[in-house]
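To start, the structure under review is shown below, and the notes come after it.
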Amino acid sequence: MIRKALTASRISSKIRTVQRRVKHELHLQRSMIVAIVLLLGSAVLLPLFALFSQVFINEQRQFAGFSLIMKYLSSPSLLQSLTHTMTVAVMSSIFAVSLAFLYAYGVTRISLRGKTWLKYIALLPLFAPSMMHGIALTYLFGNQGVITTGGFGLFPGFSIPLYGPVGIIISEVMYTFPQAYLILLVSFAMADYRLYEAATTMGASGYRQFKTITLPSVKYGLLSALFVTFTLAFTDFGAPKIVGGNYNVLATDLYKYVIGQQNMSMGAVVGIVLLIPALAAWWVDRYVSSKQEMSYSSKAVPYKVIKNPLRDCLIGSVCFVISGLILLLMGTVAWASLVKVWPYDLTLSFKHYDFSKAAGAGMNPYWNSIIVSLWTAAAGTIITFLTAYAVEKMKVLPIMRNAARLLAIIPLALPGLVIGIAYILFFNIKGNPLHIMYGTISILILANMVHFFSVSYVTASSALKKLDTEFESVSSSLGIPFYRTMVKVTVPMTLGAILEIGMYYFINSMVTISAVVFLYAADLKLASVAIVNMDDAGDVAPAAALSMLIVLTSIAVRLMYELITSKIRKKNEHWQQR
């Protein structure tokens, strides 16, 4: 009897211990989810609320109702800027998507040598700030350009109206081309070769197959690419600032109101105007993307490339011309940064990489960008992964988890300029306990994290969805805490996605201008901001040099990522063989 009593007592003690552990874990999970929702709410919703509230307050800090909105909507300047912005965005998206379509088709559907190099070259503009494309156009088509008569006179009498819509559209096409190419590359890769085999058997010509199979299969990708490039061009600040001249767009209007006139109320109105088309395009893009995912069957057979000399020659030539233009623009900036005095003294020199005499405050902006990007990559990757883990793997507080999912997706629809002005209005409130962040490096890091959070979250969420849910179930039954399972099992199995998120945060933080142009302090100027200041001061060559430093740094980080992930893949293959 005594033994039975002792055994029962031990079992009861173990049950109580397990119950306490489970209760502690559930409490920890709830706290983690609540903390994530509060963090995302403070970083996303509250600044947006401050932005919308400012629209109804005039410069005297008095409630003005809809008067500011009506004043701006009735002004000729709005109609002109809105028309200019729409023109630039529509034309840029059409050209960028058309070129990306041909390029992606060539890389995936024709027999062509050098495809690997073509894929890498197409991604080069991702590593450069959008201002760099405008600088390249200045050196090619400016008054002292390589191509125009003012410089070397290679083509006498040839010139283009660089400063205005033409220059902006060319820059935006270069800026948005990689995004359109990546979207269409996925669309072309999601082909079912069985359809082409059936069409060939029935005697359908190549043109008919292209019209009835290829185009319908990539229509959602085309629409998605159009809306993504439209949004990027509609909200971009860098290219219009460098080659816009007197051609006003909404992004430069917003910059003038906030920086030039310190008129936050009108800046908020422009921000709302800038936000509405971006939100509409984002919603359509989400709808189109969901349709594209539903249209692909798991039984599909990968596409097999069949040689067609005429088609391969034509499309291949287009691909090499596009890649050549990308290399021309990048190479022009690299060359301009290395010659002494363009175009009079072409002796190679590194003097432009000494920024002490330029308007960019020496090398400090570059090192500031490195520090901000590293902190953004580290903090952003951790918070993104924890958010995705809480949403996908935890089973408590379903309403709060749905709220976290929504808050994680909202930044995808927010232009960088809107995030910047919203952060000014929210964090600059003196009664706000978070006011201590204003003017410090922390607000720059937070702005970058929010700006690039959604894409990173989707990456982490997709990686976690691929893992078997049994890992958590087995660990829980064995009494292993969820956080230990996450560290020991989940993180190693999703390490590739985690590294990709970190790389994405770092590179985008290096090249961005729109989200941080309103937030930097005098002693925390970033490289992208310094490029704009240099160009305004006429220091175009140092601006080109600093742009090349950003490009080389971003490429180096990308190469490190490729090297590390390659080793991880080889290690996983080795363990699978064993």
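Sort out which residues of region 94-132 are of a type in the set (S, T, N, Q) and under 27 Å from Phe237 (Cα atoms), and write them in order of number.
At the first step, the residues of region 94-132 found to be of a type in the set (S, T, N, Q) are 98, 108, 111, 116, 130.
Those that are of a type in the set (S, T, N, Q) and under 27 Å from Phe237 (Cα atoms): Ser98, Ser130.
Considering each residue of region 103-148, count those that are surrounded by fewer than 21 Cβ atoms within 10 Å (Cβ to Cβ), at pLDDT below 90 and under 30 Å from Asp345 (Cα atoms), and give that number.
Residues in region 103-148 being surrounded by fewer than 21 Cβ atoms within 10 Å (Cβ to Cβ), at pLDDT below 90 and under 30 Å from Asp345 (Cα atoms): 5 in total.
Conditions first: (1) β-branched (Val, Ile, Thr); (2) exposed (fewer than 15 other Cβ atoms within 10 Å of the Cβ); (3) over 24 Å from the mean Cα position of the chain (by Cα). Ile564 passes all but one, so which condition is the exception?
Going through the list (1) β-branched (Val, Ile, Thr); (2) exposed (fewer than 15 other Cβ atoms within 10 Å of the Cβ); (3) over 24 Å from the mean Cα position of the chain (by Cα), Ile564 breaks only (3).
Hey, among the residues in region 73-85 that are modelled with pLDDT of 75 or more and of a type outside the set (S, T, N, Q), which one's farthest from Glu172 (Cα to Cα)?
Per the criteria, the residue is Pro76.
Please pick out the residue among Gly439, Gly416 that is small (Gly, Ala, Ser) and on the phi < 0 side of the Ramachandran plot.
Details: Gly439 fails: on the phi < 0 side of the Ramachandran plot.
The match here is Gly416.
Looking at region 235-262, which of its residues are surrounded by 24 or more Cβ atoms within 10 Å (Cβ to Cβ) and of a type outside the set (A, V, I, L, M, F, W, C)?
Thr235, Asp236, Gly238, Pro240, Asp253
Kindly evaluate Thr494 against the criterion of being among the hydroxyl-bearing types (Ser, Thr, Tyr) and over 22 Å from the mean Cα position of the chain (by Cα).
no
For Trp283, all conditions in the list (1) in a helix (DSSP H, G or I); (2) closer than 19 Å to Ser74 by Cβ hold save one; what is the number of the exception?
It fails just one condition, (2).
Do the conditions hold for Ala390, that is, is it crowded, with 18+ Cβ neighbours inside 10 Å and modelled with pLDDT of 90 or more?
Here the answer is yes, as Ala390 does meet what is asked.
Regarding region 526-535, can at least one residue be identified that is of a type in the set (A, V, I, L, M, F, W, C), in a loop (DSSP other than H, G, I, E, B) and within 26 Å of the chain's Cα centre (by Cα)?
Yes, that holds for at least one residue.
So, Ala522, is that one surrounded by fewer than 23 Cβ atoms within 10 Å (Cβ to Cβ), among the small types (Gly, Ala, Ser), closer than 21 Å to Gly439 by Cβ and modelled with pLDDT under 90 or not? I'd like the intermediate steps shown before the answer.
Numbers: surrounded by fewer than 23 Cβ atoms within 10 Å (Cβ to Cβ): yes; among the small types (Gly, Ala, Ser): yes; closer than 21 Å to Gly439 by Cβ: yes; modelled with pLDDT under 90: yes.
Yes; evaluated as a whole, the condition is true for this residue.
Please report, ordered by residue number, the helices (runs of 4 or more DSSP H) entirely within region 421-503 with at least 3 residues that are touching a residue at least 12 places away in the same chain (Cβ under 8 Å) and either farther than 20 Å from Phe385 by Cα or open to solvent by less than 20 Å² (accessible area, probe 1.4 Å) (or both).
441-451, 453-465
Each row is one residue, and each column tells you yes or no for (1) at pLDDT below 90; (2) surrounded by 12 or more Cβ atoms within 10 Å (Cβ to Cβ).
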residue: Val22; (1), (2): yes, yes
residue: Met32; (1), (2): no, yes
residue: Leu48; (1), (2): no, yes
residue: Gln62; (1), (2): yes, no
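The values are calculated or read from the model by the stated rules, or taken from the named source; none is laboratory data. Values in this document were obtained by computation on a predicted structure and should not be read as measured data. Positions of Cβ are backbone-derived with ideal geometry, glycine not excepted, and every protein chain shown enters the neighbour counts. Note: accessible area is taken over every heavy atom of the protein model, side chains too, but ligands, DNA and RNA are not part of it. Shrake-Rupley method; radii C 1.70, N 1.55, O 1.52, S 1.80 Å.
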